[in-house]
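Undergrad: What follows is a structure written as structure tokens; I'll ask about it next.
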Amino acid sequence: MRVFPWGFWLLCVASAPARGDSGSKARSCAEVRQLYGAKGFSLSGVPQAEISGEHLRICPQGYTCCTSEMEENFANKSRSEFEAMMKEAGRSVQATLTAQHRSFDSYFQDLLNKSEKALYDAFPSMYGELYTQNMKVFKDLYSELRRYYRSSNINLEEALNEFWTRLLERLFKLMNPQYHITDEYLDCMVKHAEQHKPFGEVPRDLKVKATRAFIAARSYAQGFLVGSDVVKKVSQVSLSHECTRAVMKLMYCPHCRGMSSVRPCNNYCLNVVKGCLANQADLNTEWKYLMDSLIVVADRIDGPYNVDTVIGTIHMRIAEAISNLQENKDSITAKVFQGCGNPKISTKGSSSEDKKRRGKVTLEPKSSAQALEMLVLDAKGNLTALKTYWITLPGSLCSKRVMASSVSDDKCWNGMTKGSYLPEVMGDGLANQINNPEVEVDITKPDMTIRQQIMQLKIMTNRLGNANIGNDVDFQDTSDDMSGSGSGDSCPDDVCGKRLSKSPSTRQPETHAIPKQSGHGVHGASSRSLPSASLLLLLWVAVIAPQHLWR
């Protein structure tokens with residue numbers, strides 16, 4: 001019967017080296033104390049040397065420098081730090097997209113302002129009262145163009161048609177001052193005159209070109225803002241309970257084990273971050289479609305739609321239209337009189353507008369093709385670089401923020417101790433996390449915030465697809481447009497060729513889930529690790545030794 005005490009004593013001695021490299025001597029907790037204080041926590045109650053770790057709920061339960069309170073504080077700190085990493089990475093992308101929007105918006109607004117200023121500077125000398133008595137018509141046109149560009153609910157074609165109608169009414173009156181022309185007569189005049197193209201081909205040509213240019217410019221500018229807003233909202237999604245535990249184990253458990261200088265294994269870090277950002281990675285497909293669509297529309301803006309020339313010559317096209325009307329004034333007037341009858345002679349007398357015209361002024365285009373070309377090239381470079389943002393984010397966070405070790409390092413923190421990390425790295429996205437060894441993820445529960453942002457990406461891509469073929473799109477109530485009715489499936493071939501070339505299954509809505517909130521996910525990682533020597537010995541004491549004693 002005296003065999004048991006001696007055997008038990010030998011087993012206890014055999015298990016002692018499990019503390020670490022220093023053998024049976026407890027290691028100092030100086031490094032952990034320094035880190036803990038630097039994080040803003042009180043050092044009261046912090047061990048001076050290692051203690052037994054049976055109380056730990058997240059970190060491995062070996063000898064440790066962390067109390068239960070320290071473990072909880074480190075878990076909260078790791079959560080806030082990881083969320084801050086996400087926001088910081090997101091701010092970088094937001095800054096890029098916002099800068100691109102600001103550059104294009106400034107260029108486009110400046111182009112429109114210069115065209116308007118050129119009209120105001122030249123028209124008084126060119127047309128005299130034809131302009132001065134109708135300044136509001138021209139001002140209203142440019143105001144409507146700006147309102148449309150800023151995403152107001154305006155039908156651009158109707159706005160242009162209204163401009164030409166109002167201009168024709170006023171110029172017809174001024175060119176026929178000897179007649180008393182009523183509103184009813186003007187209505188008849190417009191119907192008859194438009195059949196004979198009083199302004200020539202300018203209204204039709206300008207409507208086609210300006211509509212395409214404005215639709216493309218408006219959608220292009222809006223696309224940058226939507227992309228930035230998506231990144232902002234997704235970056236603010238909070239970590240789940242399982243992810244908090246996994247990130248704590250990754251970032252602070254090595255400190256608790258007295259391994260402050262040991263960096264996390266790279267693949268271990270990747271599995272933790274991929275599991276925590278599984279929903280975010282599912283943004284990848286629609287995000288790439290948005291980036292591709294912006295690139296295609298950028299080519300349209302600097303190519304076929306020729307935004308620079310169209311917007312920079314609006315004042316010249318209006319002048320051309322007025323000249324056409326003046327040159328055909330007699331024939332247009334005769335046809336109107338024939339269709340509507342002769343108006344009454346005015347009792348105010350008559351005066352010839354031609355006498356009031358000034359000398360001829362040469363109009364010049366207010367465009368800057370080189371500036372637009374540089375803007376588009378810069379934007380395309382940035383958009384191409386951002387295409388893979390969501391699936392490269394885990395690697396970026398691990399290498400630049402968590403400071404994980406190199407891939408070949410076999411003396412890194414693997415979640416349990418210093419050594420190599422054996423599990424394979426999971427793929428990207430929610431579905432690929434079903435067997436993640438570090439984070440238990442419930443793939444059946446979508447994160448609604450991220451799901452809504454995926455829908456916003458689909459909607460914006462669809463609008464860019466319409467803009468690419470010159471179709472007008474409505475930007476009203478963008479934030480509430482969550483129905484997704486056909487929003488991702490009508491993207492034209494030349495915008496989303498890659499999308500349409502794939503099998504239909506690649507375009508089906510993906511399942512997006514939030515991690516399970518049960519609080520037992522992280523234990524799955526440790527349960528897959530090999531048992532320690534001390535545990536095997538204790539198992540021998542508890543099960544095998546008694547059998548020998550009873551024999």
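Undergrad: Considering only residues that are not in a helix (DSSP H, G or I) and not aromatic (Phe, Trp, Tyr), which ones fall in segment 193-214?
TA: Gln195, His196, Lys197, Pro198, Gly200, Glu201 - these are the residues of segment 193-214 that are not in a helix (DSSP H, G or I) and not aromatic (Phe, Trp, Tyr).
Undergrad: Search segment 407-418 for residues that are under 18 Å from Leu56 (Cα atoms) and of a type in the set (Ser, Thr, Tyr) and pair each with any residue that is buried (at least 18 other Cβ atoms within 10 Å of the Cβ) and modelled with pLDDT under 95 when their beta-carbon atoms are under 6 Å apart and the residues are at least 6 apart or on different chains.
TA: No pair meets every condition.
Undergrad: Select from segment 85-140 the residues that are of a type in the set (Gly, Ala, Ser), in contact (Cβ under 8 Å) with a residue 60 or more places away in the chain and closer than 16 Å to Asn382 by Cβ and write down the one among them that is least open to solvent (accessible area, probe 1.4 Å).
TA: Gly90
Undergrad: Here are the criteria: (1) in contact with a helix residue (DSSP H, G or I) (Cβ under 6 Å, 6 or more places away or on another chain); (2) at pLDDT 95 or above. Tell me which single one Asn462 does not satisfy.
TA: (1)
Undergrad: Helices (runs of 4 or more DSSP H) wholly in segment 226-301 with at least 3 residues that are touching an Asp or Glu at 6+ places or on another chain (Cβ under 8 Å) and of a type in the set (A, V, I, L, M, F, W, C) - which ones?
TA: 241-251
Undergrad: Shifting gears a bit: Looking at segment 188-197 only, could you name the residues that are touching a Cys at 6+ places or on another chain (Cβ under 9 Å) and among the charged types (D, E, K, R)?
TA: Lys191
Undergrad: May I pose another question? Checking the structure you have, find out if any residue of segment 79-96 is farther than 30 Å from Arg245 by Cβ and modelled with pLDDT of 95 or more.
TA: Yes - at least one qualifying residue is present in segment 79-96.
Undergrad: Anything in segment 419-450 that is more than 21 Å from Leu393 (Cα to Cα), part of a loop (DSSP other than H, G, I, E, B) and without any contact (Cβ under 8 Å) to a residue 40 or more places away in the chain? List them, or say none.
TA: Answer for segment 419-450, where residues must be more than 21 Å from Leu393 (Cα to Cα), part of a loop (DSSP other than H, G, I, E, B) and without any contact (Cβ under 8 Å) to a residue 40 or more places away in the chain: just Leu422.
Undergrad: Please identify the pairs in which a residue from segment 200-212 that is open to solvent by 90 Å² or more (accessible area, probe 1.4 Å) has its Cβ atom under 7 Å from the Cβ atom of a residue that is at pLDDT below 95, counting only partners at least 6 apart or on another chain.
TA: Close Cβ pairs satisfying both conditions: Lys209/Val310; Arg212/Tyr305; Arg212/Gly470.
Undergrad: Residues in segment 387-413 that are modelled with pLDDT of 90 or more and surrounded by 22 or more Cβ atoms within 10 Å (Cβ to Cβ): how many?
TA: Selection size over segment 387-413: 8.
The values are calculated or read from the model by the stated rules, or taken from the named source; none is laboratory data. Bear in mind the structure is a predicted one, so any value in this text is a computation, not a measurement. Here the Cβ is made from the backbone with ideal geometry for all residues, glycine too, and neighbour counts use every protein chain on show. Areas reflect the complete protein model, heavy atoms only, side chains present, ligands, DNA and RNA absent. Shrake-Rupley method; radii C 1.70, N 1.55, O 1.52, S 1.80 Å.
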